[in-house]
Amino acid sequence: MASFRAVIFDLGGVVLDSPLHAIARYEAELGIPAGHVNRVVVATGPSGAWARLERGELGMLEFATAFEQECREAGHAISAADMMMRIAASSGPRPAMLQAIRALRRRGLAVGALTNNWAGPREEPSAMDVLRAEFDAFVESSVVGMRKPDARIYLHACGALHVEPAEAIFLDDIGSNLKAARALGMTTIKVDEPGQALAELASRLAWPEDALRG
């Protein structure tokens, strides 16, 4: 059994409700093909507007102009501002995940967040500030200028927690992000829904499942 010292969580789709659900609902409202937005993000790659937003290279207004153009060129127009508002409104925390994070920390494991995100409007305190307090390290792509699946951001997160990749378990809902983590020696868990993911996490830690319930 591996000796784990840290657990690292993606946020959207893991600790928070998935932005993919909000995007899918928006696509349905517009009557455009399901998955159009994600196909544009994948097709434009690291140089695309979405990736540049998540690395902190574009502000939201610049992103909206560029991403709307990319979507139009791919065949379907959207309003980036409307879509991003829907994502923000649907990104609430998942109570079971917060309970598990607190349980892990009480039992002495280091817990980190590793998220591809973008800078939003400042509030006092912001929802992200409140969430940040739940973690020992909080790595945001828009702050560090790197994004998953770039290997450097995983190493940055491990360094912030003072662990080697092989000592960490990483939870994410996107396969390409998990593949990159595994290539570095991290143990990975694909999150489809909280109950499934936390049962697998408890198993990897050789803990009883109820150990992660508060």
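Values in this text are rule-based calculations from the coordinates and carry no lab data. The model shown is predicted, which means the values in this text are computed figures rather than measured ones. Using ideal geometry, Cβ is built from the backbone for each residue, glycine included, and neighbour counts are taken over all protein chains shown.
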Would you please put 197-203, 182-188 in order of how densely packed they are, using the mean number of other Cβ atoms within 10 angstrom per residue and starting with the highest?
197-203, 182-188
Extension gain, Val42 back to Ala151 (0.36 nm per residue minus Cα-Cα distance, nm)
37.5 nm
Expected output is a single nm value to one decimal: the length gained when fully extending between Glu57 and Lys190, i.e. 0.36 nm times separation in residues minus the C-alpha distance. What is it?
45.0 nm
Each residue of segment 57-70 in order: what ³J(HN,Hα) in whole Hz does its phi give by Karplus 6.51 cos²θ - 1.76 cosθ + 1.60, θ = phi - 60°, with x for Gly and Pro?
8, 10, x, 5, 5, 5, 4, 4, 4, 5, 6, 4, 5, 4
Normalised radius of gyration for the chain, please: alpha carbon Rg relative to 2.2 N^0.38 Å, two decimal places.
1.03
What is the packing order of peptides 150-156, 70-76, 11-17, taking the mean over residues of other C-beta atoms within 10 Å and listing the highest first?
11-17, 150-156, 70-76
Can you tell me the order of 163-174, 47-58, 100-111 when each peptide is scored by its average per-residue count of other Cβ atoms within 10 angstrom, highest first?
163-174, 47-58, 100-111
Measuring from centroid to centroid over Cα atoms, what is the spacing of segment 4-34 and segment 146-178 in Å?
19
Can you give me the convex hull volume of the Cα atoms of segment 19-89, divided per residue and expressed in Å³?
78
Value of [θ]222 nm, deg cm²/dmol, for the chain, DSSP H segments ≥ 4, -39500 (n - 2.57) each, nearest 500:
-14000 deg cm²/dmol
As an exercise, find the ratio Rg/Rh for segment 32-139 from alpha-carbon atoms, using the Kirkwood inverse-distance average for Rh.
1.05
